[in-house]
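The values are calculated or read from the model by the stated rules, or taken from the named source; none is laboratory data. Worth saying up front: this structure is predicted, and the values here are computed from it rather than measured. A quick note on method: Cβ atoms are made from the backbone with ideal geometry, for glycine too, and the neighbour counts reach across all protein chains shown.
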Amino acid sequence: MTNASGDCTGSVLVITENLHRGGVPVVWAYRSDPSIVPSWATAVRAGTARHRWLAARSRWWLTDGLPMRVSGPDTVGRPLERGRDTTIVAVVEPTVEKVGSDVVDWPLLTPRQQRALVLRGEVDVDHVLAPSLDWGEHQAQALGYTAPVTTVSPLTQLVPDPTSARHHLGIETDVDVVGVFMSGERADAVLEALEGVNDVSSVAASSELDRMRVIGCCSVVVTDTSGWAAVAARIGRPVIVYAPDLRDLLSRGPGLYLPWQRELPGPWIDEPGRLREAICALRGGGWRVDSTYLAGHVALARLADDGSEPGTPDLVTTLEGLT
């Protein structure tokens, strides 16, 4: 597993965990901090001789869709040598990435913008995995990939049922759950604003597994511009967008992965004090998506829709079918 940032979350992490559980050894190339590598994966510093040796013998290279940085700052940066039976798979999903000092939507970067970010050691891609065909083809084209696209949505398919999710999170069955999908000061502000709301439990998800459980049992998702909102919409959860800097983000470049001005999936909140009102309105309506936001909600859900019913996917079989 190689990626540009050295860290890994979302679908890519879930896919690697599934490969591990399926009995496939996972090698994780890191840039400088080996502590980010899960205990079940073999950690190898990017660009080292051992990394190249293992890469040439790997069955699959899995990347997060960004150009693959295959060398660390203290290496000569020679390209990896792919083996005869190696298949390179790029996983793409709707998410906001940080490039330089600006928050931009990677798949909507222009070719000219992308050329400035191409890293030495970038390799051709054989297949693209995406949560939906439309999104995958759009992302692949933006990244310059001409490889075929296969739909697979592990995050959506691995969301547990509400009863199981509540049990694992220790949440009672007679309270409504507000899932908070953001971190830092924003998450603290949201949790503080929702303190004391009757029969409502606010949960800030941290790990990938917790996020899937929170989505499974929550009545509404509060997020900023996270790709997890697409997963929530895919399984019918209403979404509240808490993004005080949304207008600033929209003014800085190509925008987010949806035309938010026209297709918001739910209410846009720019200050924590308005969250109570939005939560109470949704609860009064039976936690249904308001007709005002239905078009945006459907468009958001489509980003994480592979056309399958929820259930545990056999990702090893999926990858084997690509070789």
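Tabulated results
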{"item": "Members of segment 192-207 that are buried (at least 19 other Cβ atoms within 10 Å of the Cβ) and farther than 23 Å from ARG276 by Cβ", "result": "none"}
{"item": "Among residues of segment 167-182, those that are touching a residue at least 40 places away in the same chain (Cβ under 8 Å) and small (Gly, Ala, Ser), counted", "result": "1"}
{"item": "Any hit, segment 132-142, residues being at pLDDT 75 or above and either among the basic types (Lys, Arg) or touching a helix residue (DSSP H, G or I) at 6+ places or on another chain (Cβ under 9 Å) (or both)", "result": "yes"}
{"item": "Which numbered condition ILE36 fails, given (1) at pLDDT 80 or above; (2) surrounded by fewer than 19 Cβ atoms within 10 Å (Cβ to Cβ)", "result": "(1)"}
{"item": "Qualifying positions in segment 183-196 - at pLDDT 80 or above and not in a helix (DSSP H, G or I)", "result": "LEU194, GLU195"}
{"item": "All positions within segment 151-174 that are out of contact with any helix residue (DSSP H, G or I) (no Cβ under 7 Å at 6 or more places or on another chain), hydroxyl-bearing (Ser, Thr, Tyr) and not in a helix (DSSP H, G or I)", "result": "SER153"}
{"item": "Among (1) part of a loop (DSSP other than H, G, I, E, B); (2) at pLDDT below 80; (3) more than 28 Å from GLN157 (Cα to Cα), the one test that ASP248 misses", "result": "(1)"}
{"item": "Among (1) exposed (fewer than 14 other Cβ atoms within 10 Å of the Cβ); (2) hydroxyl-bearing (Ser, Thr, Tyr); (3) within 16 Å of the chain's Cα centre (by Cα), the one test that SER164 misses", "result": "(3)"}
{"item": "Filtered residues of segment 43-59 (kept if of a type outside the set (A, V, I, L, M, F, W, C) and over 22 Å from ARG84 (Cα atoms))", "result": "ARG45"}
